[in-house]
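Reviewing the structure listed below.
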Amino acid sequence: TYRVQVGYPGAGPTIDRLPHDVQSPSREQRFVSSTLPPTRLERLGLVASYETITPGALGYLLGNYRRVFTEARSVTTGQSLFLRWTSNTFVYAFVRVLITLAIATTAGYALARVRFAQMVPTQVLFVSNYLVLRDGIWGLSSLWGQATLLNGLPGLLFVTALNAGPVFIMKQFFETLPREVEESAMIDGAGYWSRFSRIVLPMARPALGALVILAFQGAWNDFFWPLVILTTPEDVKTLPIGLLTFRNVYGNSGDWGLILAGAILSALPVIVLFVVFQRYFMEGVSYGGGKE
């Protein structure tokens, strides 16, 4: 039999990197116990495999969260890929929220007050949008030094910023606002833009709060288009696609602790956003018809 001792400096051998395999010196010896239990035993007990080594209760609880930030690193810059994916997702979600607010409020107001509408599902435009990005918007992207808009956040924003869902939400909300208020402003000489910016938008704050949460959550969890557009290098990926990389790399070895730790960390921004703007979200989704 043989015993494995892995601990703090001075208590056992130094482990430079994980995963780490401890192999029996001979075929006649088998694993009995260790100060830290192995992730799994292989080759009929001849090899003890360690995916994580986190002595102590605190290390056991937080070890996988530390590994999320330290193990996966960029080949080109050496920086933490998880931090890079998180920053990319924050930038993408922030810009998409701004674009969604601008488009959804103006288009929703126009659809609520003017009788015209035509909506096309994004699935119908999938191939054409991809080809437009691949060719750099018919070659126009070459004007600022980009031959293609694939593998970049500008191309991702180009195909995802315009969404019929937020426009429909704002349209339904604007239709509940009493027209008498706008008619009074129109009698005073206010045009469409003046009525929209000075009267309608201030009244739409509950809906805008709900729209911010929904737009941020949609952008933060967006998976399909980032998976299609952001392929290489790893530094350009957003967090959901990065977690898929974790799944492909660590899932095959059964290291689910690191994958689940990354999933929990990725959910925290959305939870915090909902807690902060919960009042506006509930007002926006429960807002009824105009007051008498």
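Below, the figures for the structure above:
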quantity: Members of segment 264-288 found to be at pLDDT 70 or above and not in a helix (DSSP H, G or I), listed by number; calculated: F277
quantity: Flag for T176 being of a type in the set (S, T, Y), open to solvent by less than 50 Å² (accessible area, probe 1.4 Å), touching a residue at least 24 places away in the same chain (Cβ under 8 Å) and touching a helix residue (DSSP H, G or I) at 6+ places or on another chain (Cβ under 8 Å); calculated: no
quantity: Looking only at segment 157-170, and only at residues there that are in contact (Cβ under 8 Å) with a residue 60 or more places away in the chain and in a helix (DSSP H, G or I), the one that is most open to solvent (accessible area, probe 1.4 Å); calculated: F168
quantity: Matching option when the condition is at pLDDT below 80 and open to solvent by less than 70 Å² (accessible area, probe 1.4 Å), among V114, V132; calculated: V114
quantity: Selection from segment 200-226 of residues that are open to solvent by 40 Å² or more (accessible area, probe 1.4 Å) and more than 24 Å from the chain's Cα centre (by Cα); calculated: L201, P202, M203, R205
quantity: Segment 1-33: number of residues that are open to solvent by less than 80 Å² (accessible area, probe 1.4 Å), within 22 Å of Y250 (Cβ to Cβ) and modelled with pLDDT of 70 or more; calculated: 2
quantity: Residue ID - nearest to L125 (Cα to Cα), chosen from residues in segment 227-263 that are open to solvent by 70 Å² or more (accessible area, probe 1.4 Å), among the hydrophobic types (A, V, I, L, M, F, W, C) and in contact (Cβ under 8 Å) with a residue 60 or more places away in the chain; calculated: V249
quantity: Test: residue in segment 212-226 that is closer than 15 Å to E71 by Cα, at pLDDT 85 or above and in a helix (DSSP H, G or I); calculated: no
quantity: Given (1) at pLDDT 75 or above; (2) within 24 Å of L260 (Cα to Cα); (3) open to solvent by 40 Å² or more (accessible area, probe 1.4 Å); (4) in contact with a Ser or Thr (Cβ under 8 Å, 6 or more places away or on another chain), index of the condition V75 fails; calculated: (4)
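Residues are listed down the side, and each one gets a yes or a no for (1) in a helix (DSSP H, G or I); (2) within 28 Å of W85 (Cβ to Cβ); (3) open to solvent by 50 Å² or more (accessible area, probe 1.4 Å):
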{"site": "G155", "(1), (2), (3)": "yes, yes, no"}
{"site": "Q172", "(1), (2), (3)": "yes, no, yes"}
{"site": "A185", "(1), (2), (3)": "yes, no, no"}
{"site": "G189", "(1), (2), (3)": "no, no, yes"}
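The values are calculated or read from the model by the stated rules, or taken from the named source; none is laboratory data. Quantities reported herein were computed from a predicted structural model and do not represent experimental measurements. Because the Cβ atoms are built from the backbone with ideal geometry, glycine has one as well, and the counts that use them run over all protein chains shown. The accessibility values were calculated without ligands, DNA or RNA, using every heavy atom of the protein model including side chains. Shrake-Rupley method; radii C 1.70, N 1.55, O 1.52, S 1.80 Å.
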